[in-house]
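Have a look at the structure below, then the notes.
The values are calculated or read from the model by the stated rules, or taken from the named source; none is laboratory data. This structure is a prediction, so every number in the text was calculated from the model and none was measured. Note: ideal-geometry Cβ built from the backbone for every residue, glycine included; neighbour counts use all protein chains shown.
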Amino acid sequence: MIPTIEDLRAGRTLAEIQGMPAELGAAMATLAAREADGGDLEVAGAILEGLVVTNPKDALAWALLSQVKRRSGEPFAAVLCAEAAHRLAPEDRQVLLARAESLLAVPADAGTGGPARREAARAGLVALRDGGDEVARRAAVLLRGLGA
């Protein structure tokens with residue numbers, strides 16, 4: 001189905017217009033994560049880029065795309081994706097971890113705000129280190145790496 005002006009005014013996503021169930025989006029994100037874990041960042045990125053175009057309201061897809069961009073050596077794209085995820089789900093621990101990791105991936109001497117980026121990442125990681133889950137473990141490891 002082709003989106004109409006009314007669809008755009010109502011803020012409906014292409015996924016909503018086409019009747020794509022959330023479970024399909026979650027399955028696609030899982031597939032992309034597996035591809036990334038297997039080292040195929042190009043395929044993972046393509047899946048996730050398609051997913052965020054189809055459903056730009058999917059915070060998990062944005063967070064996963066941030067991780068793929070970071071691992072692909074595209075730190076500024078990683079930050080952009082992480083910020084999109086953060087706007088959609090500001091309390092989600094996976095999103096907050098992806099945001100902190102993306103901020104740390106930007107070289108300190110790249111543009112302005114290097115120290116502020118690093119401090120924002122550190123503060124985010126401190127907030128995540130308690131919880132006993134994988135996010136907390138990853139945050140603790142990153143904080144040790146930062147000397148915190």
Among (1) under 24 Å from residue 141 (Cα atoms); (2) within 10 Å of the chain's Cα centre (by Cα), residue 73 falls short only on (2)
Flagged in the range 114-134 as assigned to a loop (DSSP other than H, G, I, E, B) and more than 13 Å from residue 100 (Cα to Cα), in numbering order, are 130, 131, 132, 133
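Scan the range 34-60 residue by residue and report those that are among the acidic types (Asp, Glu) and within 14 Å of the chain's Cα centre (by Cα). Quick ask: steps written out before the conclusion?
Filtering the range 34-60 down to residues among the acidic types (Asp, Glu) leaves 35, 37, 40, 42, 49, 58.
Selection gives 49, 58.
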Between 121, 63, which is within 22 Å of residue 25 (Cβ to Cβ) and surrounded by 16 or more Cβ atoms within 10 Å (Cβ to Cβ)? 63
If the Cβ limit is 6 Å and pairs must be 6+ apart or interchain, which residue in the range 54-75 that is assigned to a helix (DSSP H, G or I) pairs with which residue that is of a type in the set (Ser, Thr, Tyr)? 66/102; 70/102
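Do the conditions hold for residue 31, that is, is it over 10 Å from the mean Cα position of the chain (by Cα), surrounded by fewer than 20 Cβ atoms within 10 Å (Cβ to Cβ), in contact (Cβ under 8 Å) with a residue 12 or more places away in the chain and on the phi < 0 side of the Ramachandran plot?
Judged against the criteria, residue 31 is a match.
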State whether the residues of the range 123-133 include one that is touching a Gly at 6+ places or on another chain (Cβ under 8 Å) and over 13 Å from residue 78 (Cβ atoms). no
Is there a residue in the range 28-46 that is at pLDDT 95 or above and either touching a Pro at 6+ places or on another chain (Cβ under 7 Å) or among the β-branched types (Val, Ile, Thr) (or both)? yes
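Here is a yes/no grid of residues against (1) in contact (Cβ under 8 Å) with a residue 12 or more places away in the chain; (2) surrounded by fewer than 19 Cβ atoms within 10 Å (Cβ to Cβ):
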site: 77; (1), (2): no, yes
site: 88; (1), (2): yes, yes
site: 92; (1), (2): yes, yes
site: 95; (1), (2): yes, no
site: 100; (1), (2): yes, no
site: 112; (1), (2): no, yes
site: 116; (1), (2): no, yes
Failed condition for residue 15, given (1) more than 24 Å from residue 136 (Cβ to Cβ); (2) part of a helix (DSSP H, G or I); (3) under 16 Å from the mean Cα position of the chain (by Cα), with all others met? (3)
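Starting from residues that are touching a Leu at 6+ places or on another chain (Cβ under 9 Å) and in a helix (DSSP H, G or I), keep the ones in the range 135-148 and report whichever is surrounded by the fewest Cβ atoms within 10 Å (Cβ to Cβ).
Looking at residues that are touching a Leu at 6+ places or on another chain (Cβ under 9 Å) and in a helix (DSSP H, G or I), I get 145.
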Going through 24, 48 one at a time, which residue ends up being surrounded by 13 or more Cβ atoms within 10 Å (Cβ to Cβ) and out of contact with any Cys (no Cβ under 9 Å at 6 or more places or on another chain)? 24
